[in-house]
Every structure is written in structure tokens, then in C-alpha cells.
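Please read the structure below before turning to the comments.
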Amino acid sequence: MKNELLEKAWAAHGGLDHWNNFDRVHATIVTGGQLFEMKQTPQDSTPREMTVATKYEWASVTPFGSADQHTDFTRNRIAIERSDGTVVNARLHPAEHAEGKSLDAAWDALDRAYFNGYALWTYLTTPFLFAMRGFCSEEIAPWREGTETWRALRVTFPTEIASHSREQDFYFGSDFLLRRHDYHVEASGGFAAAQYVFDNVTVQGITFPTRRRAYMRNEKLLPIHERLMVSIDISNLRLSSCFASTPASN
């Protein structure tokens, strides 16, 4: 469902028609934050290669667990595979295993892989994923952040898409670029998060934030800066299609 704010956000990030020329987003990511220690899956600072599909929900990260392993994520299946395609471990309907538990309940390796898959797929395809079938959006009250006023879009995700929560809020600056993303992390007790995004780069005509900082947020929608749950630094962004690959840019 289109609306004026969403149309302007698409245009500011490079345009929906241009985005549709690509089938994959590739990036190098370095992640950290308190969440992974809480879930007993501590995250090191090793750079990892993230690849997501643009036209359907799929993601993969490498290395995962060891140098010759990667993940294979879709909504209904998460797997850890070796470079030769051998399946090390897999789980069907991974949301059923990850959700409905407390904030500090431990994740196993497949829970961690599932979280990585849906989260990075969402982040690297925003705001263009909202054009996919089943997404609904409406503009809600603006948010005042310091001296800026950000317009806000509330998006309801279809049940066919795995993500943090069904309802998520996205805040855009006066240039219509994304500034903040709010959600509940159902895969970790449903805690409320406010994720700030910044340091934009434009790669092959598409604009991406390269820094993401997700804080736990309070009942007033304010971030709790002492609770940095997830940090993501993104570099080496590039896009590709089924017909041609394009050189790295950042």
C-alpha cells in the first residue's frame, strides 16, 4: 500500500524502479552489542560477508561458526552449511523455537542464525521491501529528535515475512532518508528497541546507512543509551543482478 511519505522515501533512497534492477545486496558487516552476551552467543569482531535477496526473503552470512560455514535463511527454514553445500544443522519453522521466551533465554546456533538472517534482510532492503505484497503502511504522528522533526511510517508486515515484529515504525528526516527504526524483538522476549541509523553512502544509485545502533527503549519511546543491544557497522556495499555483477563501492 503506497502513501505520500513512502513514495518520497523510496525516491530519496534511489527509487523503486532502480532498486528493482537488482537481485542481491552484498555487504561486509561487523556486529556487537549486549544482546549476544545475554543470549550466550557472544559476537566477535570478525568481519563477515552478508548477502540478501531483494525480491524475496532470503539471506546468508559467511563465515558462521567456522571459516568454511555459512547460513541459509528463509522464513520457514534456517540452515548452517559448509562451503560444499553439506548441511551441518537445519531447523524448519525457526520462529517457533526462537520466540515466546524470556529476554535472557539462551539462543542456540540456529536461533542466532535465524535472528541474523531476518534482521539483516530487513535492514538491507528498507524501505524498498514495503513494496512487496502484503505490506501495509500508514503515516503516524511525527517524532521530535533534538532540533529535528522526523515523519513516521507505521508498517505492518505480512505473516509470510519473518522480522522482529508484525508492526514496526520507521522515521524519516526532512530529506526523507531513514533516521530511526522501532520494533519489538519477538525472538528475544519482545523487548522494545529504537535503532538509529546514520553515515549514509550511495552505492550504484541506492542509498544505505552504514551504521546502526539499536538501544532498548522505554515507555516514552526514548532510547536507553546504557543498553546498546546491537551495533552493526556496514562496509563494502554493492548490488548485483542475475545478469551481471558490479564492482564494489563504498
Within the range 63-106, the residues that are closer than 18 Å to Ile29 by Cβ and not small (Gly, Ala, Ser) are Pro63, Phe64, Gln69, His70, Thr71, Asp72, Phe73, Ile78, Ile80
How about the range 167-203: which of its residues are in contact (Cβ under 8 Å) with a residue 24 or more places away in the chain, open to solvent by 40 Å² or more (accessible area, probe 1.4 Å), touching a Lys or Arg at 6+ places or on another chain (Cβ under 8 Å) and within 21 Å of Lys8 (Cβ to Cβ)? Phe176
Taking only pairs six or more apart or across chains, which ones have beta-carbon atoms under 6 Å, a first residue in the range 89-102 that is within 19 Å of Gln40 (Cα to Cα), and a second residue that is at pLDDT below 95 and not in a helix (DSSP H, G or I)? Ser102/Gly189
Across the range 15-24, which residue is surrounded by the most Cβ atoms within 10 Å (Cβ to Cβ) among those that are charged (D, E, K, R) and in contact (Cβ under 8 Å) with a residue 12 or more places away in the chain? Arg24
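Can you list the strands (runs of 3 or more DSSP E) lying wholly within the range 24-119 that have 3 or more residues being under 20 Å from the mean Cα position of the chain (by Cα) and at pLDDT 95 or above?
On the way: elements: 24-32, 48-53, 59-62, 69-74, 77-82, 87-92.
The strands (runs of 3 or more DSSP E) meeting that bar are 24-32, 48-53, 59-62, 69-74, 77-82.
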Give the residues of the range 133-154 that are part of a loop (DSSP other than H, G, I, E, B) and in contact (Cβ under 8 Å) with a residue 60 or more places away in the chain, sorted by residue number. Phe135
Yes or no: the range 25-34 includes at least one residue that is touching a His at 6+ places or on another chain (Cβ under 8 Å) and open to solvent by 50 Å² or more (accessible area, probe 1.4 Å). no
Pairs, first without any contact (Cβ under 8 Å) to a residue 24 or more places away in the chain and among the hydroxyl-bearing types (Ser, Thr, Tyr) in the range 36-50, second surrounded by fewer than 19 Cβ atoms within 10 Å (Cβ to Cβ) and not in a loop (DSSP other than H, G, I, E, B), C-beta under 6 Å, six or more apart: Ser45/Val30
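The values are calculated or read from the model by the stated rules, or taken from the named source; none is laboratory data. No experiment lies behind these values; they were computed from the predicted model shown. FYI the Cβ positions are ideal-geometry reconstructions off the backbone, even for glycines, and counts take in every protein chain you see. Heavy atoms of the whole protein, side chains included, go into the accessibility calculation; ligands, DNA and RNA do not. Shrake-Rupley method; radii C 1.70, N 1.55, O 1.52, S 1.80 Å.
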